[in-house]
Amino acid sequence: MTETVTAPSLRPDRLPGLECLAPLTGDDVWLQDALLGPFSDDILEYLALARTTGGPVLDLGAGAGRLAVPLARQGFTVEAVDRDRSSLHRLLDRSCRLGPQVRDRITATPADMLRLRLRRPYQLALMAGSMIAAVPPWSRPRVLREIAGHLGPRGALAFDYTAHDAMGLAEHPHRVWSFEVPRFDGITERAVARQDFDPVAMRERIAYVIERSEPASSRAALVTTDKWIVNSLDLHRDLRAAGLRVADERQYRLDEWTRSVLLVCRADA
């Protein structure tokens with residue numbers, strides 16, 4: 001039997017855990033911003049955290065520099081790590097346009113987080129935009145240990161993720177959402193996102209069907225992303241095993257099944 005799902009229309013500031021972890025093109029920058037959760041969207045919060053820890057900053061899953069470039073503009077040395085070279089090229093192009101005082105503070109490192117090998121200490125490590133959901137549960141302890149082992153004195157790891165209610169996953173494994181993407185360039189963009197959860201495998205797939213309309217033309221695009229469902233109890237266990245303690249935890253309820261969570265972790269003394 002085929003399940004028919006109605007797509008509720010959402011305000012873009014209430015998207016329930018629809019962050020995309022797949023590499024995006026320059027055409028998708030507006031969509032990417034709309035998909036960000038309340039914590040990953042708050043650049044000022046991450047800037048304030050960097051001011052308390054100092055630099056250098058490690059930005060894991062940096063993409064096209066949404067955080068790395070503002071941090072460099074504020075005087076921080078940043079290593080931006082991403083597996084997608086085209087995103088890093090856009091990051092460097094953007095930093096070059098802002099001048100050598102910004103470009104010279106950024107090191108772009110093409111690397112997969114799952115094979116992360118760090119070579120220097122950092123005062124702040126970031127995994128914004130629910131990047132922790134890109135790491136398989138069996139790889140997460142090693143990745144966290146690698147980060148913890150390279151935090152300087154009073155350094156911190158900060159990341160956000162989406163916490164899903166277990167009963168909600170079981171009762172509503174297929175969800176469809178419709179929303180308009182805020183743009184300010186004369187293009188109208190609407191998206192329909194279908195979330196498919198596998199609570200047994202702890203996997204999630206999202207397919208975004210995007211329609212972009214201009215006065216003289218329109219075009220469609222399809223983007224998909226795969227994520228791991230983050231179990232909060234398992235995550236806290238992995239943090240403790242890596243020698244990290246949660247110094248600050250904040251939560252924001254997105255809907256009846258979904259919360260956005262921000263964790264700031266410090267290395268054990």
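Whenever a residue of the stretch 202-223 is assigned by TED's automatic domain parsing to the domain that holds Arg183, its partners that are of a type in the set (Ser, Thr, Tyr), lying with C-beta atoms within less than 6 angstrom and at least six residues away or across chains, give the pairs Ile206/Thr225; Ala207/Thr224; Ser213/Thr188; Val223/Tyr208. Of the listed requirements (1) in contact (Cβ under 8 Å) with a residue 60 or more places away in the chain; (2) surrounded by 14 or more Cβ atoms within 10 Å (Cβ to Cβ); (3) of a type in the set (Lys, Arg), Arg142 misses just one: (1).
Of all residues in the stretch 51-66, those satisfying the criterion of being more than 13 Å from the chain's Cα centre (by Cα) and surrounded by fewer than 24 Cβ atoms within 10 Å (Cβ to Cβ) are Arg51, Thr52, Thr53, Gly54, Gly55, Pro56. Name the single residue, out of those in the stretch 174-189 being assigned to a loop (DSSP other than H, G, I, E, B) and surrounded by 15 or more Cβ atoms within 10 Å (Cβ to Cβ), that is modelled with the highest pLDDT. So, considering only residues that are assigned to a loop (DSSP other than H, G, I, E, B) and surrounded by 15 or more Cβ atoms within 10 Å (Cβ to Cβ), the one modelled with the highest pLDDT is Ile187.
Residue-wise test of (1) closer than 26 Å to Met131 by Cβ; (2) among the β-branched types (Val, Ile, Thr); (3) out of contact with any strand residue (DSSP E or B) (no Cβ under 9 Å at 6 or more places or on another chain).
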site: Ala166; (1), (2), (3): yes, no, yes
site: Pro173; (1), (2), (3): yes, no, no
site: Phe184; (1), (2), (3): no, no, yes
site: Ala193; (1), (2), (3): yes, no, no
site: Arg205; (1), (2), (3): yes, no, no
site: Tyr208; (1), (2), (3): yes, no, no
site: Glu211; (1), (2), (3): no, no, no
site: Glu214; (1), (2), (3): no, no, no
site: Ser218; (1), (2), (3): no, no, no
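Checked against (1) surrounded by fewer than 17 Cβ atoms within 10 Å (Cβ to Cβ); (2) closer than 24 Å to Arg266 by Cα, Ala80 passes all but condition (1).
Right, Arg154: touching a residue at least 12 places away in the same chain (Cβ under 8 Å), surrounded by fewer than 23 Cβ atoms within 10 Å (Cβ to Cβ) and assigned by TED's automatic domain parsing to the domain that holds Asp82 or not? It is true that Arg154 is touching a residue at least 12 places away in the same chain (Cβ under 8 Å), surrounded by fewer than 23 Cβ atoms within 10 Å (Cβ to Cβ) and assigned by TED's automatic domain parsing to the domain that holds Asp82. Taking every residue in the stretch 20-46 that is more than 14 Å from Tyr208 (Cα to Cα) and pairing it with any residue that is small (Gly, Ala, Ser), at least 6 positions away or on another chain, the pairs with Cβ-Cβ distances below 6 Å are Gly37/Ser260; Pro38/Ser260; Phe39/Ser260; Ser40/Ala128; Ser40/Gly129. The residue that is farthest from Asp255 (Cα to Cα), among those in the stretch 174-201 that are aromatic (Phe, Trp, Tyr) and without any contact (Cβ under 8 Å) to a residue 40 or more places away in the chain, is Phe184. Residues being modelled with pLDDT under 95 and farther than 29 Å from Val209 by Cα are entirely absent from the stretch 56-68.
Looking across Asp255, Asp226, Asp238, one residue alone is buried (at least 17 other Cβ atoms within 10 Å of the Cβ) and charged (D, E, K, R). It is Asp238.
Could you list all residues from the stretch 229-269 that are in contact with a Lys or Arg (Cβ under 8 Å, 6 or more places away or on another chain) and free of Cβ contacts under 8 Å to residues at least 60 places away in the same chain? Within the stretch 229-269, Arg245, Arg253, Asp268 meet the criteria.
Just for the stretch 195-212: of the residues that are modelled with pLDDT of 95 or more and charged (D, E, K, R), which one is surrounded by the most Cβ atoms within 10 Å (Cβ to Cβ)? Applying the filter and picking the extreme gives Glu204. May I ask you to verify whether Ala48 is surrounded by 13 or more Cβ atoms within 10 Å (Cβ to Cβ) and of a type in the set (Gly, Ala, Ser)? Considered against the rule, which asks whether it is surrounded by 13 or more Cβ atoms within 10 Å (Cβ to Cβ) and of a type in the set (Gly, Ala, Ser), Ala48 comes out as no.
Hey, any hits in the stretch 103-116 for a residue that's surrounded by fewer than 23 Cβ atoms within 10 Å (Cβ to Cβ) and of a type in the set (Val, Ile, Thr)? Yes, the conditions are met somewhere in the stretch 103-116.
The values are calculated or read from the model by the stated rules, or taken from the named source; none is laboratory data. Just so it is clear, the model here is predicted, and its values are computed rather than measured. Cβ atoms come from the backbone with ideal geometry, glycine included; neighbour counts cover every protein chain shown.
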